[in-house]
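Note sheet for the following structure.
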Amino acid sequence: MATTAFSCSRPLASTRSSPSSPFSSRRFLPSPRRRGPSTRTRTRIHLRAGSSLKEWGDFEDAVRSRDLPRALRFLQSVEPPPAQPSTESAAGGAVARVALPAPPGRDWEVLDACIDADDMRLVGRAYQFLADRGVLANFGKCKNIVLEGPREVTPTVLKEMTGLEAIKLAPKKWGLSGSSSYVLIGFLGGVSYLLTQGVDLRSNLAAILALVTADAMFLGGTCVAQISCFWPPYKRRILVHEAGHLLTAYLMGCPIRGVILDPFVALRMGIQGQAGTQFWDEKMEKELAEGHLSSTAFDRYCMILFAGIAAEALVYGEAEGGENDENLFRSLCILLDPPLSVAQMANRARWSVMQSYNLLKWHKKAHRAAVKALESGYSLSTVIRRIEEAISSDR
């Protein structure tokens, strides 16, 4: 399930290192004396360290405590070292600059502090900071895809572009399709067999149904989802689904706060009953605050929303999950002015899932890398790193 998180707060003020700052040390070594009364040239050796081990330890502590403002403030205070040492000549002498590089790959870790951030603008600032540093080379590289091609997508066009019937790209009700139907048949068969053997399960079944109903009403199905996660095929499908949301949001330039795979953690963060990927679309938030929503922002949001369904269809040949994504899509269509008709909603859904399907197909290697990283329990920064590495190697 894809979720959005909108919030506003004062933007973080950037800081820059200065000669007196602890992040930039300057040491001058006197040059040896030269012979001759007319020569007063001195050579200065300028050592510049981006940070010390202790200071990077403070950065690690900020990441562990999920203190995004402090972690980002530290990175902004550390100027990147020059690519190579340079020598400057001046009237008073020569200056040799030697840069001590910061530990490689440490700046990625700031993304791990985004999960508890209340200010999504600060999360966006963290992604933009890394993108400006050249770390997130593919962040937002496909954001202009929403400007391309027609919007009319019939079921026939959808099949021609994806090779799948429209019914294969629609969420399924549990127990009516896929492997869940076999589980349901097996359960009903087992109950029937026990009843024929004289084992009365009516009281137990009534209690189970009552608990399931209460879970669905008050916890959004969290308990059932937690139990289902112990079934490997179900868990694998969730990973495929969420990796689709994650990769599409990343390529479309929407900052991701985190991917939640534990149903109880998702419940604590307001995502009831299942896993979820939280991303933020700054343009969409701004337009909604102004009382309008452009077609470009709406299309981008719909592509990310249907990316989980598209990912399942790409890997398994059909989608089972994504019912909540569809419900969220319908609720947003009703809020538009004027609201979309049923036929328009169906057409927009087909366009969105087709675009997401093709985008994930073009980046299939990156999607597999994201699934493996999520399956291994890696942090968000590592997952995004795996995506970047997969895209770079695929070139």
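The values are calculated or read from the model by the stated rules, or taken from the named source; none is laboratory data. Remember, it's a predicted structure, so these values are computed and weren't measured experimentally. Here the Cβ positions follow ideal geometry from the backbone for every residue, glycine too, while neighbour counts run over all protein chains shown.
For region 304-334, the set of residues classified as charged (D, E, K, R), closer than 19 Å to residue 368 by Cβ and in a loop (DSSP other than H, G, I, E, B) consists of 318 only. You will find that of 375, 389, 323, the residue that is within 24 Å of residue 170 (Cβ to Cβ) and of a type in the set (Asp, Glu) is 323 and no other. Inspect all residues belonging to region 338-348 and state whether any of them is buried (at least 23 other Cβ atoms within 10 Å of the Cβ) and either in contact (Cβ under 8 Å) with a residue 12 or more places away in the chain or outside the structural domain of residue 258 (by TED's automatic domain parsing) (or both). There is no residue in region 338-348 that is buried (at least 23 other Cβ atoms within 10 Å of the Cβ) and either in contact (Cβ under 8 Å) with a residue 12 or more places away in the chain or outside the structural domain of residue 258 (by TED's automatic domain parsing) (or both).
Answer yes or no as to whether residue 374 is within 27 Å of residue 135 (Cβ to Cβ), part of a helix (DSSP H, G or I) and in contact with a Cys (Cβ under 7 Å, 6 or more places away or on another chain). No: the conditions fail for residue 374.
When 296, 382 are checked against the criterion of being part of a helix (DSSP H, G or I) and over 26 Å from residue 115 (Cβ atoms), a single residue qualifies: 296.
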